[in-house]
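The values are calculated or read from the model by the stated rules, or taken from the named source; none is laboratory data. The structure presented is a predicted model; accordingly, all values stated were derived computationally and were not measured. Here Cβ is always computed from backbone atoms with ideal geometry, including for glycine, and neighbour counts include all displayed protein chains. Protein only, heavy atoms only, side chains kept; ligands, DNA and RNA dropped before computing areas. Shrake-Rupley method; radii C 1.70, N 1.55, O 1.52, S 1.80 Å.
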Amino acid sequence: MKHGPFTYLLEEVLEGSGKMMESYHLEKGHLIYQPPQRITPIFEIISGAVRIGSYSPAGEEVCYDILKPGDFFGNLNCLGGQFSEFAKSLTPVELRAYDADFFKETIYNNPKLAAWFFKELVRRWCRAEDRLYAVRSLDAAEKIKRILPYFQDQITDSSGKTNPLLKLITFQDLADLTGLTRQTVSKVMRVDVLRLS
């Protein structure tokens, strides 16, 4: 990430930038935020992985993305109060937390940072559209096959341990991301493993 906000802070050597950005080390399973919290900093993942999602009417977690180092999340306060999600660490994580107003102001006023941010937004938007297409158009095996490449990365957490991302997520996470049931995901994964052996 050449032109992210941390690079901007380093290049501009802003006075008082410590008030605009803080670093956090959180353990696995830490709720970074959850409803009804609507105001959050903007978080950047330095190491580790984070699950973001919301809650079903029954109070169960529903995953709608798994984020990796370099990804951003939080509330930019652009949705008119409709923000209602949780963020939970899947591993020990290191995060940078940016003041949301500072984050928006630096993006608005720095063309390189704006270009980087728009690219990040479009990338996440395309990923969401691709998943929606798969949910509506593909059979169960094709849905799983389409999403698995995203989870082939090795993720180093903040303690220095490296894990395959696929081992950090559950069948329920895959089910939420593909519109399937946990049982269907389990069955498809078992059949694929047998086919590959």
Self-check item: Accessible area (Å², 1.4 Å probe, nearest 10) - Arg182
Solution: 110
Quiz item: Between Arg182 and Lys68, what is the spin-label point distance in nm, taking each point 7 Å from the Cα along the Cα→C-beta axis?
Solution: 2.5
Quiz item: Tell me, what is the FRET efficiency for Glu129 and Lys161 to the nearest 0.05, using R0 = 30 angstrom and their Cβ-Cβ distance as r?
Solution: 0.35
Quiz item: Can you give the relative contact order of the chain as a percent, counting alpha carbon pairs under 8 Å and 6+ residues apart?
Solution: 23
Quiz item: Can you list the trypsin sites (Lys or Arg not before Pro) in the range 24-62 that are in a DSSP coil and have 15 or fewer other beta carbons within 10 angstrom?
Solution: Arg38
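Quick one: putting +1 on the C-beta of Lys and Arg, -1 on the C-beta of Asp and Glu, what dipole do you get for the range 51-197 around its Cα centre, in Debye to the nearest 20?
540
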Quiz item: Separation between the Leu121 and Tyr150 pseudo-spin-labels, each 7 Å from Cα along Cα→Cβ, expressed in nm?
Solution: 2.0
Quiz prompt | Positive-end extreme of charge dipole, the chain - chosen from Ile46, Trp125, Leu138 (charges on Cβ) | solution = Leu138
Quiz item: Carbon and sulfur together cover what percent of the accessible area of the chain at a 1.4 Å probe radius?
Solution: 56
Quiz item: Within the chain, which complete DSSP H helices have Cα atoms spanning at least 18 Å along the helix axis and a mean Kyte-Doolittle hydropathy of -0.5 or higher?
Solution: 111-137, 182-196
Quiz prompt | Cα gyration tensor, the range 41-92 - rounded (a/c under 1.5), prolate or oblate | solution = oblate
Practice problem: Using a 1.4 Å probe and ignoring any ligands, DNA or RNA, find the accessible area of Lys143 and quote it in Å² to the nearest 10. | Solution: 20
Practice problem: At a 1.4 Å probe radius, which order do Tyr133, Tyr55, Tyr150, Tyr108 fall into by accessible area, largest first? | Solution: Tyr108, Tyr133, Tyr55, Tyr150
Self-check item: Per residue accessible area of the chain, 1.4 Å probe, in Å²
Solution: 58
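What fraction, in whole percent, of alpha-carbon pairs in the chain exceed 25 Å separation?
41
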Quiz prompt | Distance in nm between pseudo-label sites at Glu22 and Ala141 (7 Å out along the Cβ direction from Cα) | solution = 5.1
